[in-house]
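Right, one structure below, let's go through it.
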Amino acid sequence: MGPNRQPSPLGQTKHRHDDIEDGTLARTASPHPSPVGTKAPAAPAKARSTVAKGACAYLNPRAGGTVTAPSEAFDRLRGKSGAAKVSSPETKDSYTWPDKSTSKAVQQEVEIDGQKIRVVRPTDDGAKGKNLPTTKELAEALRAIPADQRAHTSVIVVSPTPSPDKSASGTIAGEGGSGEIRLYPVTAAQAQNDFDNRLTHESGHNVQGQFWTGAGDVHDWQTAADADSSRPSPYAASTTGDDFSEFNVLFNAARGTACEATAKKIYPNRWAKMESYRSK
Ligand SMILES: [Zn+2]
């Protein structure tokens, strides 16, 4: 059974992450655990008692788009990883991209603390104007993913052509699943912080494969998510997998910092569920 890709709808507000669209390469097809309309009656969203302030404000539910943890959070996480070793570029005369088009590609290996990740990207000419990360930017984003999560990603494909899985609502900027992360051209200029957030999000889809081996596991996450009075971002509502991946960015950023207590107050059930996975 081939992977089941589930691109998600795109938010329509003007936040710059709104053109960052992705989907999930689910390992296991699973029914949506929580059909629309079955939620508890209507009270206008439960009042949120905790508002994160100052350097923890990134934890507050986003009004639009995706979560965005700050550079300081990723720099702190990078501090736990060694330097990245990047192999010499190896040119491939013809590489088949996800949309089945072919062009010249460059392949490199990024090694971080003994883990090797293969990166396939277009030539500089092929990448021009597409707001794709350099291999160096990818390597730095990978260093900011905790080693036990990074271990579930083995290949990154930086595609010069759009995803074949166009959603009705817009561009797909990335996909994660089955150990692979794919990044696609986007319209907005991207900085290291954008790649840090996006790679962490996409790597979350690969981590899910470890915890979610059946529909029951997916359902359990959704139950925890529904029990929290807030969701990290509108994008988190796309799929259960995206809820996990969005929250995972916040979890990594806050865990072990002065923001952790606040994160637990805003997302108590997601936090406890994520901790339970970590202790397995
Ligand atoms: Zn996603």
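The values are calculated or read from the model by the stated rules, or taken from the named source; none is laboratory data. A quick note: this is a predicted structure, and the numbers were derived from the prediction, not measured. Neighbour counts run over all protein chains shown; Cβ positions are idealised from the backbone, glycine included.
Within segment 102-113, is there a residue that is surrounded by fewer than 18 Cβ atoms within 10 Å (Cβ to Cβ), over 26 Å from Phe247 (Cβ atoms), among the β-branched types (Val, Ile, Thr) and at pLDDT 95 or above?
yes
Among the listed residues Asp220, Asp196, identify the single one that is buried (at least 24 other Cβ atoms within 10 Å of the Cβ) and more than 13 Å from the ligand (Cβ to nearest atom).
The unique qualifying residue is Asp196.
I'd like to check which strands (runs of 3 or more DSSP E) are fully inside segment 98-211 and have at least 3 residues that are closer than 29 Å to Leu59 by Cβ and within 13 Å of the chain's Cα centre (by Cα).
Hits in segment 98-211: 174-177, 180-183.
Would you please name the residue that is surrounded by the most Cβ atoms within 10 Å (Cβ to Cβ), looking only at residues in segment 61-78 that are of a type in the set (Gly, Ala, Ser) and touching a helix residue (DSSP H, G or I) at 6+ places or on another chain (Cβ under 7 Å)?
Here the answer is Ala73.
Is it true that some residue in segment 233-251 is in a loop (DSSP other than H, G, I, E, B) and either more than 13 Å from the ligand (Cβ to nearest atom) or surrounded by 24 or more Cβ atoms within 10 Å (Cβ to Cβ) (or both)?
Within segment 233-251, one or more residues are in a loop (DSSP other than H, G, I, E, B) and either more than 13 Å from the ligand (Cβ to nearest atom) or surrounded by 24 or more Cβ atoms within 10 Å (Cβ to Cβ) (or both).
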